[in-house]
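Below: one structure, written as structure tokens.
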Amino acid sequence: RATRVDVIVRDSRGNHLKEGQVQLQRLPRRQGGREGLPRKLDFPRTSKPVGVFRLSNVPRAKWRLVVNHPGHRQHQQIVTVSGDVKTIGVTLKANP
């Protein structure tokens, strides 16, 4: 079965960011990753609705979530995708 993943991206002031690069990367087996999954899954670069990046049919597994946005530090975290819908909130810090 697969899951829909919604990633809500905000800046440190709480404003929704509507464009950016959001991606799930396969984890190595030693970190709990599963073989047979794509190396990475790219979300659309523009969020709809604003600030919500959505990707359907994500295999249920542990992934590394990577979020990039111009003017902000890269965000990475390990997430477990399960259930019908997985919602993840991310707050990006501005570059110094």
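The values are calculated or read from the model by the stated rules, or taken from the named source; none is laboratory data. Since this is a predicted model, take the numbers as computed values, not measurements. Quick reminder, even Gly has a Cβ in these numbers, built from the backbone with ideal geometry, and neighbours come from all protein chains shown. Keep in mind that these areas ignore ligands, DNA and RNA; they rest on the heavy atoms of the full protein, side chains included. Shrake-Rupley method; radii C 1.70, N 1.55, O 1.52, S 1.80 Å.
Couple of notes before you dig in:
- Sequentially through region 50-59, phi angles give Karplus couplings (6.51, -1.76, 1.60; θ = phi - 60°) of 3, x, 10, 8, 10, 9, 9, 6, 7, x Hz, Gly and Pro residues having no value and appearing as x.
- Of all accessible heavy-atom area on the chain, the percent that carbon and sulfur account for (1.4 Å): 44
- Figure legend: label point modelled 7 angstrom from the Cα of Arg73 along Cα→Cβ; residues of region 1-32 with amide N under 15 Å from it are 11-13.
- Rounded to whole Hz, the Karplus (6.51, -1.76, 1.60) HN-Hα couplings of region 71-79, x for glycine and proline: x, 10, 6, 5, 10, 9, 7, 8, 10
- Simple spin-label estimate for Val85 and Arg30 gives 3.8 nm between the two label positions (7 Å along the Cα-to-Cβ direction from each Cα).
- Classified by the C-alpha gyration tensor, the chain has a prolate form. Its axis ratio a/c, with a ≥ b ≥ c, is 1.5 or above, and a/b is larger than b/c.
- Looking at region 8-86, the trypsin sites (Lys or Arg not before Pro) that sit in a DSSP loop and have at most 11 other Cβ atoms within 10 Å of their own Cβ are Arg13, Arg39, Arg45.
- Per residue value of the accessible surface for region 17-96 (all protein chains in place, 1.4 Å probe), Å²: 61
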